Number of protein chains: 2
Amino acid sequence: MTADALLASVTTQTDTPEDRLRRAKTASRAIARLTSDEKAAVLHAIADALVSDAERIIAANADDLRRGETDGIGASLLDRLRLDGARIDGLAGAVRQVASLPDPVGELVRGQRMYNGVMLEQRRVPFGVVGAIYEARPNVTVDIAAIALQAGNAVVLRGGSAARSSNEVLVDVMRRSLAAHGVDAEAIQTVDDFGRDGARALMHGRGLVDVLVPRGSAGLIETVVTESTVPVIETGAGNVHIVLDASAPDDWARDIVVNAKVQRPSVCNAAETVLVVREGAARLVAPVVEALQREGVTVHGDEAVASLAGGVVPATEEDWATEYLSLDIAMRVVDSLDDAMEHIRAYSTGHTESIVTADVRNAERFLAEVDSAAVFANASTRFTDGGEFGFGAEVGISTQKLHARGPMGLPELTSTKWVGRGSGQVRG
Amino acid sequence: MTADALLASVTTQTDTPEDRLRRAKTASRAIARLTSDEKAAVLHAIADALVSDAERIIAANADDLRRGETDGIGASLLDRLRLDGARIDGLAGAVRQVASLPDPVGELVRGQRMYNGVMLEQRRVPFGVVGAIYEARPNVTVDIAAIALQAGNAVVLRGGSAARSSNEVLVDVMRRSLAAHGVDAEAIQTVDDFGRDGARALMHGRGLVDVLVPRGSAGLIETVVTESTVPVIETGAGNVHIVLDASAPDDWARDIVVNAKVQRPSVCNAAETVLVVREGAARLVAPVVEALQREGVTVHGDEAVASLAGGVVPATEEDWATEYLSLDIAMRVVDSLDDAMEHIRAYSTGHTESIVTADVRNAERFLAEVDSAAVFANASTRFTDGGEFGFGAEVGISTQKLHARGPMGLPELTSTKWVGRGSGQVRG
């Protein structure tokens, strides 16, 4: 196809969501064959186009913001929805950052010469078509598309309807950049304009959607996991615990709890509950509570905590199950490390837990027995993060056990394939 | 718990399928902590018990066979259902074989010292609870339980109702072996006695079932994939293709096609369709068809094939989509390698395809562009097999792209977990 023909295909088509999935599937074959250099060129072109088309993007975003205000969506949602020059520069920078990451496609995972001389290898290959269902955050539109492309995939996007106008322009900008590089623009699709039907097509697109990534609230994720018949990677909520063992050093206990709660309370790896083993409670509770309160944190404690520190709000059963995502934390005194782990089993979402302890036996028991995506001894829970782990970009943090667990980087958006080269071998 | 108390818990309980899932979940924690030596001891005890309880197993199996005959199930199903002394010895041998495989649990997948000194590692850990839904083959009951245990998991089984009596005794024998070794017998559960409700509980057991493996017909797998809200590993059907390129050597073409069809026609990696590139058709079709016919194979060919060889049954559109699993094969002449790959895209189930060619360019294109779990150049499709790949045991062959693709061994029945050891590090 010529660049002109490709550009022509960029114009909005009136068709069904399934047609778009089919076109994405066809385009995915060309994307899978792009070299690392070609993908880098396309991603840099997208980054440049985002900056040069900033005015058009901001104008569309203004429509979304106006509609959002009329509809009375909250201030924090409006803030997440807003794009300005600086944020668009940031988006472009993120795309360039993704372009600079190692290309996972083609990586030799393992290989062997079979007993009969067939040379066998397992290579990393793209999934094909990655679907994404997410909320009204236009930056996710660009993030996910860039990450999917760098991992060799086509992508079909379904964003929150409050960001519809922004997403339409962002997708158009990205598709034009593909076309200008002679790459099939159908590799980036949106099904936003089909409303619920777009999401439904993604969730039921067996044979067309290779993996579906929901990003957003627990409710959105639950809906996608429950309704989908295509494979889903679940990126989950974080009801994150810190256990203060009887042997916990004072300074580590205080610093780790405060950092895990306060450094960025709104994210999934922030701590939500502190469990203090009774033997250390008299020494640890008061200074930790006071340090938290100095940072503006409200401590929701059980009776034992309230008896050891001032200004504690009584905790209810509900507090143990709450992911506050705010300057609130639950605190409970437990009889033993076993009781702490039992509490975690009952209430954790399996994201991240940490123990503060000087006792190697307790550290190793905790690390071995707590069944979460990430477990730490004597470190902040805030380290469960693709950036901190050195992945460069983060698709999300998986709380499921299939395929990917914990922070996901580019390789987690790929599959593998077995390749065998023989010279006439047959099975005996 | 004493061995007596554990044995007491072996007696059948009247409860709900969800209660059993819950008990399996609790037991899974103990199984996850068993050392390799302990697991080997339990598996050898199970193997011994199968042999020593053979009479009881055969008696229960006789009930199933009688019921099966009354219900008029077919001869091949009856044969798959049948257990005798030799087959029970074979089952015990398979369990001992699983016990001898490397323990995947604890394997260090990767690790690093983080920028701040936290020592980070990704370790292989058990899934927790593995569910299995399968048809009336009592050997699968023992196979899956042994593999799940060796990978550190508890297992909840739902077998075909025609094998109910056999499965009940097999599960009882295995549970008693666990209890006799002081291992929580609840780690092996059946929900056969709940009928459809048992399967439904497995498919909807979010938070209790970590992964569900369907094994059996395409219909069973489709039902499980569509209905489940827990993660599923899809083990799929094999509509397997062989392409004979214009440059295919005569002997490789003939030997590979015959082997891939005839050596064991009833399995998923057996070839079902041969695509011959037109330029080579006059040379290749007749000898390949004749070699197949000498082995008793019925060739369903298009007009071009029929014009080049005798005794060819006319192929219909349906033949291209059929997984015969019998001494039948479809054969079609295509204009080019591109057309062959287009046919494969349209009809393949993504299991295995092979090309026979002397042209390195065509071999490499085929290996790169055909999107199947396993692709071969110049080797039989029958090699897509856990045993052939050296895995020792096979859980099934995954045709999905998430988590596992192709033959699955013990590591594919595990997840991973990030473990970080620090000394007070917090995030800046």
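The residue that is surrounded by the most Cβ atoms within 10 Å (Cβ to Cβ), counting only those in the range B:264-310 that are among the polar types (S, T, N, Q) and touching a residue at least 24 places away in the same chain (Cβ under 8 Å), is B:Thr273.
Note on the range A:354-426: enclosed strands (runs of 3 or more DSSP E) holding 1 or more residues that are under 24 Å from A:Leu325 (Cα atoms) and facing chain B (nearest Cβ under 7 Å) are A:374-379, A:406-408.
Of the residues examined, A:Val267 is one that is hydrophobic (A, V, I, L, M, F, W, C), under 19 Å from A:Asp385 (Cα atoms) and not assigned by TED's automatic domain parsing to the domain that holds A:Ala187.
For A:Asp335, the criteria (1) under 31 Å from the mean Cα position of the chain (by Cα); (2) closer than 26 Å to B:Arg29 by Cα hold in every case but one, which is (1). Among the candidates B:Leu284, B:Leu202, B:Leu292, the residue that is more than 30 Å from B:Asp335 (Cβ to Cβ), at pLDDT 95 or above and in contact with a strand residue (DSSP E or B) (Cβ under 7 Å, 6 or more places away or on another chain) is uniquely B:Leu202.
Applying the selection to the range A:151-184, what residues are part of a helix (DSSP H, G or I) and closer than 16 Å to A:Ala45 by Cβ? Once the filter is applied, which keeps residues that are part of a helix (DSSP H, G or I) and closer than 16 Å to A:Ala45 by Cβ, the range A:151-184 yields A:Leu170, A:Val171, A:Asp172, A:Val173, A:Met174, A:Arg175, A:Arg176, A:Ser177, A:Leu178, A:Ala179, A:Ala180. Looking across the range A:249-272, the residues that are more than 10 Å from chain B (Cβ to nearest Cβ) and modelled with pLDDT under 95 come down to A:Pro265, A:Ser266, A:Val267, A:Cys268.
Rundown of residues vs (1) within 14 Å of chain B (Cβ to nearest Cβ); (2) of a type in the set (D, E, K, R), yes/no style:
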| residue | (1), (2) |
| --- | --- |
| A:Thr190 | no, no |
| A:Met203 | yes, no |
| A:Gly207 | yes, no |
| A:Ile221 | yes, no |
| A:Glu227 | yes, yes |
| A:Ile233 | yes, no |
| A:Ser247 | yes, no |
| A:Gly280 | no, no |
| A:Pro287 | no, no |
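The set of residues from the range B:54-78 being among the β-branched types (Val, Ile, Thr) and part of a helix (DSSP H, G or I) comprises B:Ile57, B:Ile58, B:Thr70. Please verify whether the range B:52-74 includes one or more residues that are away from chain A (no Cβ under 14 Å), under 22 Å from the mean Cα position of the chain (by Cα) and not aromatic (Phe, Trp, Tyr). Scanning the range B:52-74 turns up no residue that is away from chain A (no Cβ under 14 Å), under 22 Å from the mean Cα position of the chain (by Cα) and not aromatic (Phe, Trp, Tyr). The single condition among (1) in contact (Cβ under 8 Å) with a residue 60 or more places away in the chain; (2) among the hydrophobic types (A, V, I, L, M, F, W, C); (3) more than 30 Å from A:Gly152 (Cα to Cα) that A:Leu413 does not satisfy is (3). Examine the range B:297-307 for a residue that is within 29 Å of the chain's Cα centre (by Cα) and acidic (Asp, Glu), and state whether such a residue exists. Within the range B:297-307, not a single residue is within 29 Å of the chain's Cα centre (by Cα) and acidic (Asp, Glu).
With the requirement that a residue be surrounded by fewer than 18 Cβ atoms within 10 Å (Cβ to Cβ), of a type in the set (S, T, N, Q) and within 14 Å of chain A (Cβ to nearest Cβ), what does the range B:26-50 give you? Of everything in the range B:26-50, those that are surrounded by fewer than 18 Cβ atoms within 10 Å (Cβ to Cβ), of a type in the set (S, T, N, Q) and within 14 Å of chain A (Cβ to nearest Cβ) turn out to be B:Thr26, B:Thr35. Only one entry in A:Asp79, A:Asp84, A:Asp53, A:Asp63 is exposed (fewer than 14 other Cβ atoms within 10 Å of the Cβ), at pLDDT 95 or above and of a type outside the set (A, V, I, L, M, F, W, C), namely A:Asp84.
What are the residue pairs meeting all of these: first residue in the range A:375-389, first residue in the same structural domain as A:Arg361 (by TED's automatic domain parsing), second residue assigned to a strand (DSSP E or B) and charged (D, E, K, R), Cβ atoms under 6 Å, and 6 or more apart or on different chains? That search, which allows pairs on different chains as well, returns A:Val375/A:Glu353; A:Ala377/B:Arg421. Take the residues of the range A:315-352 that are assigned to a strand (DSSP E or B) and in contact with a helix residue (DSSP H, G or I) (Cβ under 6 Å, 6 or more places away or on another chain): which is surrounded by the most Cβ atoms within 10 Å (Cβ to Cβ)? Restricting to residues being assigned to a strand (DSSP E or B) and in contact with a helix residue (DSSP H, G or I) (Cβ under 6 Å, 6 or more places away or on another chain), the top hit is A:Thr352.
Residues in the range A:249-258 that are of a type outside the set (Val, Ile, Thr) and surrounded by fewer than 24 Cβ atoms within 10 Å (Cβ to Cβ): A:Pro249, A:Asp250, A:Asp251, A:Trp252, A:Arg254, A:Asp255. Scanning the range B:180-215 for residues that are of a type in the set (Gly, Ala, Ser) and under 18 Å from B:Ala92 (Cα atoms) yields one hit, B:Ala180.
Picking from residues in the range B:196-230 that are crowded, with 19+ Cβ neighbours inside 10 Å and without any contact (Cβ under 8 Å) to a residue 60 or more places away in the chain, the one that is farthest from the chain's Cα centre (by Cα) is B:Ser228.
The values are calculated or read from the model by the stated rules, or taken from the named source; none is laboratory data. Just so we're clear, the structure is a prediction, and the values are computed from it rather than from any experiment. FYI the Cβ positions are ideal-geometry reconstructions off the backbone, even for glycines, and counts take in every protein chain you see.
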